């Protein structure tokens with residue numbers, strides 16, 4: 001309150017200032033006239049009396065200043081003066097201002113960006129009523145796992161005494177037919193009590209409830225997400241009560257969920273919600289009674305008031321003991337723990353928290369380094385201005401006033417930098433939000449900056465302003481105006497290695513590490529884009545669908561697949577059409593153990609290899625561009641009544657049979673004892689990720705190992721837009737209710753390259769930041785030493801030193817640090833690239849281009865940073881210097 | 001003029017309070033009154049008076065109002081507030097104690113110690 005009052009008083013005096021000044025003026029005039037009256041009475045003529053009175057009174061501006069001070073109302077006026085003066089000083093040195101604002105913008109921007117992510121993912125509570133008491137239940141297995149089986153969920157729900165109620169959900173893809181064409185959509189299968197447990201109110205219509213569930217497929221109801229309703233139903237309020245098809249089964253729309261509710265996963269974005277008891281209709285099969293199948297994504301609920309998490313865990317563990325006693329085969333002894341549901345419990349939450357916290361620390365370090373560098377720059381500037389400061393001190397300005405002025409300048413810089421940085425990070429956040437790294441799986445990251453982000457950015461700007469503004473304080477407090485005005489010299493420079501030098505060398509080394517690794521990553525990425533995957537993604541389109549979505553099952557599946565292949569092959573320009581369950585480098589794959597033909601005991605430990613397994617149509621290899629080395633491909637005659645055959649890759653042949661020639665026409669076994677004959681061998685490829693070592697793979701016939709989940713590979717010489725239109729019309733002609741998803745194979749691969757791309761981009765960003773920091777650091781140090789040693793340099797020049805010698809004297813130290821730091825950084829960078837090689841395919845530092853690039857980059861950086869100080873050192877004119885001092 | 005004494009720091013406020021305690025005065029009047037009660041023994045810069053007056057008003061020890069002077073000129077008159085009167089009493093006592101002590105110390109003869 002006191003502070004507020006004082007502020008109000010100060011503001012009031014500020015606005016009354018002109019009035020008060022006029023009053024003071026009048027009072028002083030009255031004083032002089034009274035004095036003149038007295039003098040006149042003592043015999044002086046009036047004009048002479050007035051002159052004498054004014055003289056006696058003395059410098060009346062000085063007293064006015066003192067009166068203003070006595071009013072104690074100077075704060076804001078001084079501030080305005082300081083800001084004006086600071087802006088003038090900054091405008092006079094645009095280079096310094098640009099470097100300082102740029103560095104701060106990077107530092108504060110990086111912090112604001114990372115903090116926004118931290119805020120969105122970790123700090124901000126979930127957008128549901130009473131998020132503090134909402135917990136997910138995790139099983140403590142070999143790792144923490146939030147998934148449960150449905151019977152376990154029911155037991156947890158009915159036997160616990162700690163939760164108000166427990167809800168469950170899982171995520172799946174289903175074909176939603178709203179009267180036009182069915183589209184693959186993302187659904188959340190939820191327990192009947194889901195909305196009631198979370199306390200969500202419908203935006204429109206109503207929700208389903210626990211009382212609607214009466215066994216499997218008893219609740220064909222559907223709730224739309226707001227965004228889906230907005231886009232696909234154009235906000236039509238009459239959707240309530242309408243019947244739509246989910247995988248061809250009729251479901252009634254009950255209502256629309258509120259805007260901003262995307263389920264309880266932060267990054268999720270479901271299109272609609274359906275009751276879990278209807279799993280069979282939505283997924284094609286049901287596991288409602290399978291206690292060993294943990295397909296329920298998460299179970300969660302609000303703790304009862306007064307129940308602590310520890311009490312709830314104890315309660316749950318007693319249910320775990322019950323499971324252990326009654327279902328030893330499926331469950332065993334289970335213990336539980338509680339976690340926040342928003343990041344899929346601790347399963348994803350823990351690594352995400354660790355990653356974001358590490359990023360935050362890194363960003364903080366960057367800002368700290370930036371402040372240290374700016375501090376040096378600032379000290380150099382203060383040294384340059386030693387004369388101005390000394391003059392002001394000599395003229396009676398207080399040291400406090402000068403420090404205040406310098407801090408105002410520092411804060412001006414940091415606020416400008418903060419504003420630019422915040423603006424940049426808000427732009428970046430916008431992009432990040434709109435960015436869909438995997439277009440197939442829409443994500444919805446709530447990254448909007450809120451008031452917390454702005455406050456943090458402001459605080460960071462203020463703190464960093466004070467931090468680097470504080471560096472020259474000691475220098476100024478020690479300034480002796482008489483000495484400086486007399487001689488112009490400042491304390492001699494020390495020659496020993498200072499902490500500042502060491503820090504700078506470390507910074508340069510870190511910068512070199514980042515530059516090295518980003519170059520390694522970029523080269524690796526460029527190379528991996530042109531490497532051989534074992535298939536040719538160019539000129540191929542993928543049709544992704546699941547025949548189960550439109551009600552096909554059993555023998556109807558392969559028959560429909562054959563019809564689809566035949567139909568697409570008639571499109572003009574299409575050269576071949578193949579079918580595979582999941583293409584190589586897909587996010588999911590099947591793998592299985594295989595055994596040599598001689599193995600009798602088919603235990604997992606006796607397996608010859610774990611191989612990736614695919615089901616394909618005969619034309620797949622031609623369509624995918626995979627080379628068949630020997631033998632034949634699968635054919636349509638390999639049907640379910642003929643002997644089982646497979647095409648394997650070279651690595652498979654090498655592992656199981658020693659060589660490709662041994663493998664041909666030979667047999668091996670699957671876990672279930674099926675003997676399979678090798679009829680062909682293909683080249684090796686990339687199956688699970690780009691950085692894997694050669695991996696064995698086998699390709700089986702879709703007739704012998706059917707799959708409803710399928711991708712058709714359509715190779716053609718037409719452009720993808722015409723092709724996709726043609727594919728759409730052909731498939732609609734076959735079955736208008738079949739939902740599918742179309743993309744080029746290259747687009748699909750983008751998600752496989754996602755990790756390497758992210759690594760490359762973030763290394764690049766960090767590399768640029770490191771380079772910026774090193775530049776300001778070296779610039780600050782050399783500028784400081786040049787301005788401190790101007791006199792010495794002048795004397796050297798006067799004594800006949802050559803340019804080279806002057807430069808050596810001025811910059812030698814900086815270059816030594818640069819060389820030392822870069823060398824250390826290069827070595828460390830090469831070592832670090834080994835780690836990088838596991839993320840970015842073919843990242844190797846043993847690449848002359850990379851080595852040359854790093855050396856060149858660091859040399860350029862040094863040149864850039866020392867250019868201005870070098871010019872300044874060379875332009876020292878001994879005659880001017882001598883005259884000045 | 002030459003035998004006028006420099007003011008000790010901090011004593012100007014006390015002198016102003018004392019001068020005004022005898023009745024409301026304008027700025028020039030305060031100066032004259034100090035000269036009169038101190039027997040013209042103290043040197044006060046004319047302008048230096050005003051920061052002092054402002055300070056005392058700000059502290060609530062004086063209050064100011066515009067009026068007409070004996071010379072028929074407009075002038076700002078100062079008078080003591082209750083707080084000012086109290087402060088004057090305290091400052092006077094403390095000054096007297098100090099003066100007595102210093103006077104006694106200086107009057108002390110070495111052999112009496």
Once you wrap a convex hull around the alpha carbon atoms of the range A:540-716, what is its projected area averaged over all directions, in nm²?
10.3
With a/c under 1.5 counting as rounded, go ahead and sort the range A:111-160 into rounded, prolate or oblate using the C-alpha gyration tensor (a ≥ b ≥ c being the square roots of the eigenvalues; past the cut-off, prolate if a/b is larger than b/c, else oblate).
oblate
Please state, to two decimals, what the Cα-based radius of gyration of the range A:146-198 comes to when divided by 2.2 N^0.38 Å (N = residues).
1.48
Roughly what angle does helix A:451-469 make with the longest principal axis of chain A, taking Cα atoms, 0 to 90 degrees, to the nearest 10?
40
Beta bridge orientation in the range A:540-716: antiparallel %, DSSP, nearest 5:
75
If we sort A:273-282, A:131-140 on the protection proxy, mean other Cβ atoms within 10 Å, highest first, what's the order?
A:273-282, A:131-140
For chain A, the longest principal axis of the Cα atoms and the Cα long axis of helix A:60-71 enclose an angle in degrees, to the nearest 10, of 40
Under the rule of -39500 (n - 2.57) per DSSP H run of 4 or more residues, summed and divided by the residues of chain A, what mean residue ellipticity at 222 nm is obtained, to the nearest 500 deg cm²/dmol?
-17500 deg cm²/dmol
Alpha carbon centroid spacing (whole Å) that separates the range A:76-97 from the range A:541-607
70
Over the Cα atoms of the protein assembly as shown, Rg to Rh with Kirkwood Rh, two decimal places?
1.15
Taking Cα atoms, how many degrees apart are the long axis of helix A:94-118 and the longest axis of chain A, rounded to 10 and kept between 0 and 90?
40
DSSP-defined antiparallel bridges as percent of all bridges, chain A, nearest 5:
80
Calculate the length of the line joining the C-alpha centroid of the range A:176-196 to that of the range A:325-390, in whole Å.
38
The range A:131-341: C-alpha gyration tensor shape, a/c 1.5 cut-off, then a/b vs b/c:
prolate
Could you tell me what percent of the DSSP beta bridges with both partners in the range A:625-746 are antiparallel, to the nearest 5?
65
FRET E, pair residue A:322, residue A:610, Förster distance 51 Å, beta-carbon r, rounded to 0.05:
0.90
For the range A:793-840, one quarter of the surface area of the C-alpha convex hull, expressed in nm², comes to 4.2
How many angstrom lie between the C-alpha centres of the range A:247-279 and the range B:48-65?
76
Is the shape of the range B:11-107 rounded, prolate or oblate, going by the alpha carbon gyration tensor and its root eigenvalues a ≥ b ≥ c, with a/c under 1.5 for rounded and a/b larger than b/c for prolate?
prolate
Two-decimal ratio, the range A:501-621, of alpha-carbon radius of gyration to 2.2 N^0.38 Å:
1.74
Counting only Cα atoms, I'd like the Rg/Rh figure for the range A:662-714, Kirkwood definition for Rh.
0.99
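Each value in this text was obtained by applying a stated rule to the coordinates, not by laboratory testing. Note that the coordinates shown come from a computational prediction; the quantities given were computed from them, not determined experimentally. A quick note on method: Cβ atoms are made from the backbone with ideal geometry, for glycine too, and the neighbour counts reach across all protein chains shown.
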